[in-house]
Amino acid sequence: MRSPILVINTGNTSTKIAIYDMDEPLFIEAIKHSDEDLKEFESINDQIGFREKMILSFLEEKGININDLKAVSARGGLLKPLKSGTYLVNEEMIKDLVEAKRGLHASHLSAQIGFNVANRASVNCYIVDPISVDEFCPHARYSGHALFERRMLSHALNMKAVCKRYAAEAGTKYSSLNLIVIHLGTGISVSIHEKGIMVDSINPSEEGTFSPDRSGGLPVLQVVKYVIDKKPEYKTFSKTLFGEGGLNSYLNTKDFIKIEEMYNSGDKKTIEVVDAMAYQIAKDAGGMATVVNGAVDKILITGGMANADFLVKLISDRISFIAPIKLYPGEDEMKSLAEGVTRVLRGEEKYKIY
């Protein structure tokens, strides 16, 4: 084993850990955390010691000496707007992750734990294309009112990774292509990449199509009237839109495997709702094509729901006239994190300072 990289990806109910030899996987493990495991912790940040101990145990179990690590790669969180790339984790980044001024997410633990482990091993810890990657062109920032500005928050890690993979497969450079990328996950991101820059993207938390548990864009005056009339607490209303929205609000489930079964069984309501979601995804993709005046080289469809052939067909039938379509089912975040740090270690890319 020449250059072991520890990869850490913390989620709400799991900790994914891997060891890569550069960009080749050696060990990958996902540790699930039950409600019972996490109930004693008041906040996400309180879970650092609990999860770090598990990661160190994983290394010991696999016979990995911490001093043999060449680098640590961690999932990025809700940081300040950043250009795409691989960033060195430093004290300033850790401070922002702890304070969580843009929102607290389980991914914030990744870099905090990674930074601790890297310091022990006397190596660098990096993040790659965090959620807050922002490459908006000036026109894309306009929301429609001077009090508000569109924010680019997206599945940047996976979308950027599949763009680079497609470019390599096509024998060309990401910087020479115009690509529409559709990420089909719990949240649905649709983005346009112009010559290697993600110049516009749908923020799945606030706009665009609805998804398994998110409402997407809503009729704003109806929302305002509801809030004034019902006076819900912010946290409660946020959960209504983000967690209890989308397919969940219409079908009382966000489990897409179950929804697929309902769809294939001929349930009329399920068919109409899922068809409507596919319609909205296609409409968002069509809008992205206008950003590059229709000069789209390829449409890439990725994410967990890209494994559902029927959904991919519903979307593809509406957008295949724009450009050829290529599938990258799943969201291999661990590989993407390893690839970003590997490019730095090989000197193919320079890391950025936060």
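Restricting attention to the range 224-239, does a residue exist that is in the same structural domain as D200 (by TED's automatic domain parsing), in contact (Cβ under 8 Å) with a residue 40 or more places away in the chain, of a type outside the set (D, E, K, R) and in a helix (DSSP H, G or I)? No: zero hits.
Per the conditions (1) under 20 Å from the mean Cα position of the chain (by Cα); (2) in a loop (DSSP other than H, G, I, E, B); (3) surrounded by 13 or more Cβ atoms within 10 Å (Cβ to Cβ), the sole criterion not satisfied by I8 is (2). I322 satisfies every condition listed in (1) part of a loop (DSSP other than H, G, I, E, B); (2) aliphatic (A, V, I, L, M); (3) in contact with a Cys (Cβ under 8 Å, 6 or more places away or on another chain) except (3). With respect to the conditions (1) touching a residue at least 24 places away in the same chain (Cβ under 8 Å); (2) under 21 Å from the mean Cα position of the chain (by Cα), R141 falls short on a single one, namely (1).
Residues in the range 72-118 that are among the hydrophobic types (A, V, I, L, M, F, W, C) and either on the phi > 0 side of the Ramachandran plot or free of Cβ contacts under 8 Å to residues at least 12 places away in the same chain (or both): A100 only. Among the residues of this structure, I127 counts as one that is assigned to a strand (DSSP E or B), crowded, with 18+ Cβ neighbours inside 10 Å and of a type in the set (V, I, T).
Of all the listed residues (E36, E92), the sole one being modelled with pLDDT of 90 or more and either farther than 17 Å from N124 by Cα or surrounded by fewer than 17 Cβ atoms within 10 Å (Cβ to Cβ) (or both) is E92. The set of residues from the range 144-169 being of a type outside the set (D, E, K, R), touching a residue at least 40 places away in the same chain (Cβ under 8 Å) and outside any helix (DSSP H, G or I) comprises M152, L153, S154, H155.
Residues of the range 329-354 that are without any contact (Cβ under 8 Å) to a residue 60 or more places away in the chain and either over 20 Å from the mean Cα position of the chain (by Cα) or in a helix (DSSP H, G or I) (or both): G347, E348, K350.
Of all residues assigned to the range 324-340, none qualifies as being farther than 29 Å from E29 by Cβ and in contact with a Gly (Cβ under 6 Å, 6 or more places away or on another chain).
Looking across the range 1-43, the residues that are free of Cβ contacts under 8 Å to residues at least 60 places away in the same chain, under 18 Å from N67 (Cβ atoms) and not aliphatic (A, V, I, L, M) come down to R2, D21, F27. So, L311, is that one outside any helix (DSSP H, G or I), at pLDDT 95 or above and either of a type outside the set (S, T, N, Q) or surrounded by fewer than 15 Cβ atoms within 10 Å (Cβ to Cβ) (or both) or not? The answer is no for L311. Taking each residue of the range 175-199 that is in the same structural domain as D129 (by TED's automatic domain parsing) and looking for partners that are part of a strand (DSSP E or B) with beta-carbon atoms closer than 8 Å, six or more apart or interchain, yields nothing.
When A289 is tested against (1) assigned to a helix (DSSP H, G or I); (2) free of Cβ contacts under 8 Å to residues at least 40 places away in the same chain; (3) under 22 Å from the mean Cα position of the chain (by Cα), exactly one condition is not met: (2). Considering the range 246-282, the residues that are part of a helix (DSSP H, G or I), free of Cβ contacts under 8 Å to residues at least 12 places away in the same chain and in contact with a helix residue (DSSP H, G or I) (Cβ under 8 Å, 6 or more places away or on another chain) include one that is surrounded by the fewest Cβ atoms within 10 Å (Cβ to Cβ), namely I271. So, of the residues in the range 226-245 that are among the charged types (D, E, K, R) and within 19 Å of N203 (Cβ to Cβ), which turns out to be surrounded by the fewest Cβ atoms within 10 Å (Cβ to Cβ)? Restricting to residues being among the charged types (D, E, K, R) and within 19 Å of N203 (Cβ to Cβ), the top hit is K239. Looking only at the range 136-177, residues that are surrounded by 18 or more Cβ atoms within 10 Å (Cβ to Cβ) and among the β-branched types (V, I, T) come to 1 in all.
With respect to the conditions (1) buried (at least 20 other Cβ atoms within 10 Å of the Cβ); (2) in a loop (DSSP other than H, G, I, E, B); (3) not hydroxyl-bearing (S, T, Y), H105 lacks only one, and its number is (1).
The values are calculated or read from the model by the stated rules, or taken from the named source; none is laboratory data. Bear in mind that the values here come from a model prediction, so they are computed numbers and not experimental data. Because the Cβ atoms are built from the backbone with ideal geometry, glycine has one as well, and the counts that use them run over all protein chains shown.
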